[in-house]
Amino acid sequence: MNAMMRRVVIGTAAVSMALTMAACGKAGSDTKASSGDSKTVGLLLPENSSSVRYESFDKPLITAKIKDLCADCDVKYNNANGDAATQKQQFDTLVSQGVKVILLDAVNAKGTESWVTDAAKKGVKVIAYDRLAAGPVAAYISFDNEKVGELQGQALITALGANASQDSIVMINGDDADPNAGQFKAGAHKVLDTGVKKIAYEQSGQWQPTVASQKMGAAITALGKTGFQGVYSANDGMAAAIITALKAAGITNVPVGGQDAASDAIQRLLTGDQAYTIYKAYKPEAEGAATIAVNLLHNLSVSGVATTMTASGSNSIPSLLLTPVVVTKANIQSTVIADGLYKASDICTAQYADACKAAGIQ
């Protein structure tokens, strides 16, 4: 096991231990819950189109951990399918139903301040999940998102090779309404602004593969087929569309990277279509959020899990920020396979069997 993977495993184990300890006083606590629904957690996730993570990982992991910590608790779940107005309706419905703790992964995190403020006045505690929602949230759990961007930028430079400082790149960023996207972008610029010759074209893909494909097409038109040597994509869903657009234009040997460690992205690493992705361990994030939610249901402290503070306007938010990891073809086995995100059989279907064998995936 290499040093990086030891850090991932140790970090995951440490979070799991913290969650267990933090939950010791959970549902059996003598602490009286506030008025309202003290047995239900609202869970609002943002979309499905750009990443499979929300339905495949976040929802089931959060639900399972809440049930583990509070057997008679329920989870009321909705996905906004990328529509902020829909999510506002979902949020308002939970508040009107008396739900006192809401896990919110906001479609438009900058637009939630009035929701969260009004909910807080009614005794509703909102946990900002994965994205820092505006307003007086009770806690925040995510990854060090600027570090994600730095890792993405450095991985692209590594993929470009020895002549990276002479190369031009295209950047397709996430949605400007998502504060995480801004942090990814800022982190990537820290590395790329000095690591490559220039960023020849930069646009938002809005977390939409179709938009990312359109932007890639516009970049090819503007720069020509040889006017760039690499592409930064803020996530794997957009990276897939960008790679398709490059192939359709007859452009090969241009490294493209993403984020989320989606299973199809891992398969693209094996074939060489994608250069890298970023693995953010969903289990400690989801289980940390679930533990905070149950603690807040029972008026318990979250300090055992949310061990740092994040500034948000005039507020200082108790937070848990986890560490991301770069995944390339060379370390698939020691990261997403070893950590249990995927089984080898999930990745090594018949089409990818030879590539898996060559990469040492067992």
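The values are calculated or read from the model by the stated rules, or taken from the named source; none is laboratory data. Keep in mind that this is a model prediction, so the values were computed, not measured. No Cβ is skipped: glycine too gets one built from the backbone with ideal geometry, and neighbour counts run over all protein chains shown. All accessible areas refer to the heavy atoms of the entire protein, side chains included, with ligands and DNA or RNA removed. Shrake-Rupley method; radii C 1.70, N 1.55, O 1.52, S 1.80 Å.
Here are the numbers for this structure:
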| read-out | value |
| --- | --- |
| Among residues of the range 247-267, those that are among the aliphatic types (A, V, I, L, M), within 20 Å of Lys198 (Cβ to Cβ) and surrounded by fewer than 24 Cβ atoms within 10 Å (Cβ to Cβ), counted | 2 |
| Pairs, first modelled with pLDDT of 95 or more in the range 39-59, second open to solvent by 10 Å² or more (accessible area, probe 1.4 Å) and polar (S, T, N, Q), C-beta under 6 Å, six or more apart | Leu44/Asn78; Leu44/Gln90; Leu45/Asn79 |
| For Ala311: the one exception among (1) of a type in the set (A, V, I, L, M); (2) without any contact (Cβ under 8 Å) to a residue 24 or more places away in the chain; (3) farther than 19 Å from Glu146 by Cβ | (3) |
| Count of residues meeting criterion [farther than 12 Å from Ala275 by Cβ and not charged (D, E, K, R)] in the range 247-258 | 5 |
| Meets criteria (exposed (fewer than 15 other Cβ atoms within 10 Å of the Cβ), more than 24 Å from Glu285 (Cα to Cα) and either without any contact (Cβ under 8 Å) to a residue 24 or more places away in the chain or in contact with a helix residue (DSSP H, G or I) (Cβ under 9 Å, 6 or more places away or on another chain) (or both)) for Gln97 | no |
| Total residues in the range 145-181, condition crowded, with 18+ Cβ neighbours inside 10 Å and among the hydroxyl-bearing types (Ser, Thr, Tyr) | 0 |
| Test: residue in the range 222-234 that is of a type in the set (Gly, Ala, Ser), more than 22 Å from Gln166 (Cβ to Cβ), over 23 Å from the mean Cα position of the chain (by Cα) and open to solvent by 10 Å² or more (accessible area, probe 1.4 Å) | no |
| Matching residues, the range 59-81, being of a type outside the set (A, V, I, L, M) and open to solvent by less than 40 Å² (accessible area, probe 1.4 Å) | Lys65, Cys70, Cys73, Asn79 |
| Test set (1) touching a residue at least 24 places away in the same chain (Cβ under 8 Å); (2) in contact with a strand residue (DSSP E or B) (Cβ under 7 Å, 6 or more places away or on another chain); (3) closer than 18 Å to Ala289 by Cα - Cys70 fails condition number | (2) |
| Residue under evaluation Ala311, criteria (1) at pLDDT below 95; (2) among the small types (Gly, Ala, Ser); (3) open to solvent by less than 30 Å² (accessible area, probe 1.4 Å), criterion not met | (3) |
| Filtered residues of the range 182-216 (kept if part of a helix (DSSP H, G or I), open to solvent by less than 20 Å² (accessible area, probe 1.4 Å) and closer than 18 Å to Gly149 by Cβ) | Phe184, Gly187, Ala188, Leu192, Gly195, Ala212 |
| Condition met for Thr226 (at negative phi and not in a helix (DSSP H, G or I)) | yes |
| Pairs, first at positive phi and part of a helix (DSSP H, G or I) in the range 149-175, second at pLDDT 95 or above and crowded, with 24+ Cβ neighbours inside 10 Å, C-beta under 9 Å, six or more apart | none |
| Test: Leu19 is at pLDDT 95 or above and open to solvent by less than 50 Å² (accessible area, probe 1.4 Å) | no |
| Count - residues of the range 246-267 that are outside any helix (DSSP H, G or I) and free of Cβ contacts under 8 Å to residues at least 12 places away in the same chain | 2 |
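Residue-by-condition table, conditions (1) farther than 26 Å from Gly187 by Cα; (2) open to solvent by less than 40 Å² (accessible area, probe 1.4 Å); (3) free of Cβ contacts under 8 Å to residues at least 40 places away in the same chain; (4) not in a strand (DSSP E or B):
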residue	(1), (2), (3), (4)
Leu269	no, yes, no, yes
Asp273	no, no, yes, yes
Ala290	yes, yes, no, yes
Val302	yes, yes, no, yes
Ser316	no, no, yes, no
Ala330	no, no, yes, yes
Val336	no, yes, no, yes
Asp339	no, no, no, yes
